[in-house]
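**Student:** Here's a structure for you.
Read-outs: derived from the displayed coordinates by stated rules, not from any lab. Small disclaimer: the values here were computed from a predicted structure and weren't measured. Every residue, glycine among them, receives a Cβ derived from its backbone with ideal geometry; neighbour counts consider all protein chains shown.
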Amino acid sequence: YFFYSEIITLTYKKYYRKKNQQNMTQDKIPEHYLGERCYLDDYKGTIRFIGQVPPTKGVWYGVEWDEARGKHDGSMNGISYFKCKDEHGSFVRLSKIQFGADATSMLKKTYGKGYFDEETVVINAKSKANEKVIEMVGFEKVALQQSDLFSLKEVDLSETMVSHGVKEHTIASLCPRLKYLSLSKTLLSTFKDALQIIQDLENLQVWNISENKIYDWNIEEKDIFGKLPNKLCSLYMNDVNINWEQLLNILQRLPTIKEVYACFNPIATPLSQHDRIKELEILNLEGCHINSWENLKKVFSGQSKLEWLILNDNQLEMITCEKDADIFSNLKSLSLNFNKIEKWDSINELRNLKNLNEVRFRDNPVSKDLTTFELRMELVARLDNVDIINGSKVEPGERRVAEVTYIKKYSSDFFSSQTTEENKLAFHEKHPCYSKMIEVHGAPVQEKTANQKLKENLLSITIKCPDCDSKAPFTKKVPANMKIQQLKGIIQRAMKVPNIKQKLSYLDQKNSREIELDDNMKELSYYSMKTDDVVFVRW
């Protein structure tokens, strides 16, 4: 029953202060250390130096700021105390800078509106029977009622001042149903701190720690004071300064992860092999300085579960995929934008990946002279096994047009290659899908050479003067597109008859009639003239 009541609120500040002091004792703030993250006026930085800077007295903290807001590069009076980019370094007193908060406190601050700092008592509530009822509403109860943290499934603490977790009052105790947690762009500096935040989150599936300045990826058993998530499948760690070996160690620590997004990290090839990496289904290594496809083949040889591989913005120059080779056996999607691939042979090789169904390929040297449409047509024709190209599904009609265009585009090379068996084999290696296209759409029509076209376009005509026997007739080969005015010029030079006086006609042998050529700007073809026709000249 809910009763209309008069509410008197009593606060117990002394009790709360005592409780708060107990919590602070339990969750001791560690001493500050090099590599620790800090902030000042919403600007984030990293502690690079702790000590004295003569001639001043006292302890200074050398900070490398994420943005260019400093005064130097870590040097003062000609002495280098730490190294950083110019205008990114500052020396500050401890009292001026602030350090990160624990994740639980930041969660309450961000999501726990109404989460107040006092115990509350509700008394003197009157029932219908005038019976007095006294009800205590506790601190935790009010918090859960007003912020409903318990039911949260997604929490985004990105760009907050989170730096670590706490053993008591963990996020898991407030949000046991949490499935998604973002800690990107925070003040995390060690993976140990990051890992402690997610302990006991049994339902966590997606974890984002991207764009953090993490300097220490080591983790020991003593650092883990709770259970690690056993449903965690997606890990986002873009731009966190992690290398390949450190990534492998983390994946062994978190065996349920199937999707890794590790863009813009100093990973680089060669990559070492490990069975754990073959358990991944999605791997994004965009912008990781990878330059060896052969090394990737070794890493994912054998029974790999990888379905999506994203390698945009790397330094790959060549792709090879031997037919029936046991590599990337389950790969369905491959992205190769912004690499250094110079030959179409690399694209042809992708036809050997049996399960490949999607390819993204843009901004490589081999396609620099092609429009977006021309590139798509080239890819559609070459990759007859791929249904999605550059994000768009290939329709049957589009593939038919692309293949017919491909046949015509490379027809000259095709006919040139028919001279020897060696040339035929070389053409087939460059265009392995060409013969199949011909079977479906028919062989190309051999284009005539310029000389052949010119010869076919020439008319052999005889020019006579029927009224002047002194002008000997002559035969001349002229193009069908020659204008009457130009023909008159030839006659003037041969018969010495001014073109202004000439009156031309020709004998239409089919109809046995004479047709006047009375328009100087018309071509011979306009009058349907043919080889062996006779032109009459009068004046």
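**Student:** What does the C-alpha gyration tensor say about the overall shape of region 183-231? Classify as rounded when a/c is under 1.5, otherwise prolate if a/b is larger than b/c, or oblate.
**Tutor:** oblate
**Student:** Considering the zone a paramagnetic label at LEU370 would reach in this model (a point 7 Å from Cα along the Cα-to-Cβ line), which residues of region 325-349 have amide N under 12 Å from it?
**Tutor:** Counting only backbone N, you get 342-348.
**Student:** Among all cysteines in the chain, which have no other cysteine Cβ under 4.7 Å from their own Cβ?
**Tutor:** Isolated Cys, the chain: CYS38, CYS84, CYS175, CYS233, CYS263, CYS288, CYS321, CYS433.
**Student:** Using the Cβ atoms and a cut-off under 14 Å, what net charge is assigned to the surroundings of GLY287, where Lys and Arg are +1 and Asp and Glu are -1?
**Tutor:** In short, -4.
**Student:** Then there is this: Got the relative contact order for the chain handy, in percent, Cα pairs under 8 Å and 6 or more residues apart?
**Tutor:** Rounded, it is 6 percent for the chain.
**Student:** Additional query: At what distance in nm do the modelled label points of LYS530 and GLU322 sit from each other, each positioned 7 Å from its Cα along Cα→Cβ?
**Tutor:** Using points 7 Å along Cα→Cβ, the separation is 6.4 nm.
**Student:** Quick check: pseudo-label points 7 Å beyond the Cα along Cα→Cβ at GLU429 and LYS278, how many nm apart are they?
**Tutor:** In this crude spin-label approximation the distance works out to 3.1 nm.
**Student:** Hey, what did region 456-538 get for relative contact order, percent, Cα under 8 Å, at least 6 apart?
**Tutor:** Contact order relative to length: 41 percent.
**Student:** If you don't mind, there's one more thing I want to ask. For GLU421 and LYS343 in one chain, what is 0.36 nm times their gap in residues minus the Cα-Cα distance, to one decimal in nm?
**Tutor:** On the way: separation 78, 0.36 × 78 = 28.08 nm, distance 2.32 nm.
Length gained between GLU421 and LYS343: 25.8 nm.
**Student:** Follow-up question, since we're still on this one. Post the alpha-carbon centroid distance, region 190-216 to region 466-539, in whole angstrom.
**Tutor:** Here the two parts' Cα centres lie 92 Å apart.
**Student:** Determine the calculated [θ] at 222 nm for the chain from helices alone, applying -39500 (n - 2.57) to every DSSP H run no shorter than 4 residues and normalising by the residue count; nearest 500 deg cm²/dmol.
**Tutor:** Result for the chain, helices only: -7000 deg cm²/dmol.
**Student:** Taking R0 as 35 Å, what's the FRET efficiency between ASP42 and ASP148 from their Cβ-Cβ distance, rounded to 0.05? Don't skip to the end; give the middle numbers.
**Tutor:** Working: r = 29 Å, r/R0 = 0.82.
Given R0 = 35 Å and the Cβ-Cβ separation, E is 0.75.
**Student:** With 10 angstrom as the radius, rank CYS38, CYS465 by how many other C-beta atoms surround their C-beta, starting from the fewest. Working shown, then result.
**Tutor:** Numbers: CYS38 24, CYS465 17.
Fewest-to-most ranking of CYS38, CYS465: CYS465, CYS38.
**Student:** What does the charge add up to near LEU316, with Lys and Arg as +1, Asp and Glu as -1, over the other residues with Cβ less than 14 Å from its Cβ?
**Tutor:** -3
**Student:** Distance check, please: which entries in LYS71/LYS96; LYS167/LYS192; LYS368/LYS409; LYS332/LYS408; LYS108/LYS258 exceed 22 angstrom between their Cα atoms?
**Tutor:** Values: LYS71/LYS96 16 Å; LYS167/LYS192 13 Å; LYS368/LYS409 17 Å; LYS332/LYS408 30 Å; LYS108/LYS258 30 Å.
Over 22 Å Cα-Cα: LYS332/LYS408; LYS108/LYS258.
**Student:** With P(r) over Cα pairs in 10 Å bins from 0, in percent in mind, check [x] 3, 12, 15, 14, 13, 11, 8, 7, 6, 5, 4, 2, 1, 0, 0; [y] 4, 16, 22, 20, 12, 8, 8, 6, 3, 1, 0; [z] 3, 16, 25, 23, 17, 10, 4, 1, 0, 0 and report the label derived from this structure.
**Tutor:** Given [x] 3, 12, 15, 14, 13, 11, 8, 7, 6, 5, 4, 2, 1, 0, 0; [y] 4, 16, 22, 20, 12, 8, 8, 6, 3, 1, 0; [z] 3, 16, 25, 23, 17, 10, 4, 1, 0, 0, the calculated one carries the label [x].
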